[in-house]
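Visitor: Mind looking over this structure? Questions follow.
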Amino acid sequence: MKPYGALRDFIELLETKQELVRITKEVDKDWEISTITRKVWMDYKDNDRPTLLFERVKDYAIPVVMGVYATQRRVALSLGIDQDNARIAWERTRDIFVRAEEEQHKPNLKERGLCQENVLTGDQVDILSVLPVPTWTPDKDASPYITAGGTASKDPETGELSVGNYRLQVKGPRKLGVFPAPGQDLFFHWKKASALNQALPVAVLIGNNPAILYTQIYKVPYCEYDLAGGLLGGPLDTVKARTVDIEVPADTEIVIEGYMPPNYREEEGPFGEAFGVVSPKRMNPVIEITALTFRNNPIYHAFMSSGVPGTAGSTRAAVKPFWVYNTLKRAGVPEVHDVYMPEAGTGSQIVFVAIKKQWEFHPRHVMYALWGSKNNYDCKFVVVTDSDVNVRDDFELMRAIFMCVEPSRDVVIISQGGSHEIDPTTRSVIAAKMGIDATRPYEYDVSLPSDEYLQRVSASWTDYNIHSSRHRTHNPAG
């Protein structure tokens, strides 16, 4: 299989794999989509959560899709990896992400693109009546928010393009509020444009192919289009936007074009954040919309960002570990066996890294490499274990911390590091970091039966006639 391009093509594959549920009942976008999705994400775990396609949204002709890339199994499928063995699938997916950074491809600019099968400009644009943008925290959010859209902009000085995932408040038929957090590319681009007293051209990409989505949700130090080409194994097809000087992916479902006026802010929010609280109103820039283009019969892709569990956190948890692995690899950290970023930590704020420890500083090399990178400067907690610990198993993680950590020696505190204003513990862009070295401080014998005895018992297990639905086996090699 080859990596999938268009979102709609991948949705078709998910249906054949029984990973898609079509909801044919009419639903209200202002409370029902978010509440149904929340219940599914609370009632089911990880790979049991289906992609949800809401086919009939009240008062709208466009369907809404949720949870498309929210499991590592679906991430692997989107990149052409159809493998039932989770470990093999993880390793093959990891290798594609590594290749993407090592073998990037410049985009292929075309004259026409499917994203412009329909073009509305000027007074023709009314996103309130055309786009079924859900409200994610009913009765608490200021208005509907675009959550899975990638906002593309260019550095006014260098012309380098960047695509990032920023929340976008729907403020009117031709107006969006945007929160470009400090430290992110859109923030720097808008500041530079404002210093020149120039409006910043932007394009919001909704319903991207996975290669773009995987780059837009992470702060990569490259042009996202080049990196997407690396994931695809060839150039990403793009077209010129109709009213702004931005190239957009040719197969994107929906594109909103516009400008961010210089040195202008107005109230944005409140908004229910992925961190689990409703953040207050802030003074933030706006986007004045100049055009709306879309494919025939477009599909609106969204993230449920408010709190965890949610599709935004689960998508980050499924995708970001591969970028973290690459960050460590580029920093020269050897023998990285596994990376896990739990959904409970929004798929970004807690990272577990399993290594085959080579020397005493090795675990700290992991911590400082992550906190010093563009990709992970905001990560609050880094826990490093030995390679034989299953970092996806809570029991094994807790056992490793209990058996290996001496707090005065193995806990690292950095008093000032990068953070988010939306973090409810600080509401600041500066916060402390914690690292835990949960690798073995010295070699010791584990007081458990040897593998030989365990294997002999396993071979004769049926003879013992022991049955229990509550039975669970843990890896004794801790």
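Visitor: Taking the conditions exactly as written (crowded, with 17+ Cβ neighbours inside 10 Å, farther than 30 Å from SER143 by Cβ and among the aromatic types (Phe, Trp, Tyr)), does TYR4 satisfy them or not? Break it down stepwise before answering.
Guide: Working: crowded, with 17+ Cβ neighbours inside 10 Å: yes; farther than 30 Å from SER143 by Cβ: yes; among the aromatic types (Phe, Trp, Tyr): yes.
Answer is yes for this residue.
Visitor: Working carefully through the options LEU79, LEU7, LEU53, LEU20, find the one that is in contact with a strand residue (DSSP E or B) (Cβ under 8 Å, 6 or more places away or on another chain) and more than 25 Å from ILE127 (Cβ to Cβ).
Guide: Criteria check complete, one pass: LEU20.
Visitor: I would also like to ask the following. Could you figure out which of (1) farther than 17 Å from TYR4 by Cα; (2) of a type in the set (A, V, I, L, M); (3) out of contact with any Ser or Thr (no Cβ under 8 Å at 6 or more places or on another chain); (4) buried (at least 24 other Cβ atoms within 10 Å of the Cβ) isn't true of MET283?
Guide: So the condition that MET283 fails would be (4).
Visitor: Related question: VAL75: under 22 Å from GLY149 (Cα atoms), out of contact with any Lys or Arg (no Cβ under 9 Å at 6 or more places or on another chain) and surrounded by 15 or more Cβ atoms within 10 Å (Cβ to Cβ), yes or no?
Guide: So VAL75 passes the test.
Visitor: How many residues are in contact (Cβ under 8 Å) with a residue 60 or more places away in the chain, part of a loop (DSSP other than H, G, I, E, B) and surrounded by 14 or more Cβ atoms within 10 Å (Cβ to Cβ) if we restrict to the stretch 106-137?
Guide: 10
Visitor: Still on this structure, I have one more. Where in the stretch 1-85 are there strands (runs of 3 or more DSSP E), lying wholly inside it, with at least 3 residues that are under 20 Å from ILE206 (Cα atoms)?
Guide: Fully inside the stretch 1-85 and qualifying: 51-54, 64-66.
Visitor: Taking the stretch 286-318, which residues are of a type in the set (Gly, Ala, Ser) and either buried (at least 24 other Cβ atoms within 10 Å of the Cβ) or outside any strand (DSSP E or B) (or both)?
Guide: Answer for the stretch 286-318, where residues must be of a type in the set (Gly, Ala, Ser) and either buried (at least 24 other Cβ atoms within 10 Å of the Cβ) or outside any strand (DSSP E or B) (or both): ALA302, SER305, SER306, GLY307, GLY310, ALA312, GLY313, SER314, ALA317, ALA318.
Visitor: Could you identify the single residue in TRP359, TRP371 that is of a type in the set (A, V, I, L, M, F, W, C) and touching a residue at least 12 places away in the same chain (Cβ under 8 Å)?
Guide: Criteria check complete, one pass: TRP371.
Visitor: Enumerate the pairs (first residue in the stretch 177-203 and closer than 19 Å to GLU247 by Cα and outside the structural domain of GLY418 (by TED's automatic domain parsing); second residue anywhere and modelled with pLDDT under 95 and hydrophobic (A, V, I, L, M, F, W, C)) with beta-carbon separation below 6 Å, excluding pairs fewer than 6 apart on the same chain, so at least 6 apart or on different chains.
Guide: Every condition considered, no pair remains.
The values are calculated or read from the model by the stated rules, or taken from the named source; none is laboratory data. Computed from a predicted structure; not experimentally measured. A quick note on method: Cβ atoms are made from the backbone with ideal geometry, for glycine too, and the neighbour counts reach across all protein chains shown.
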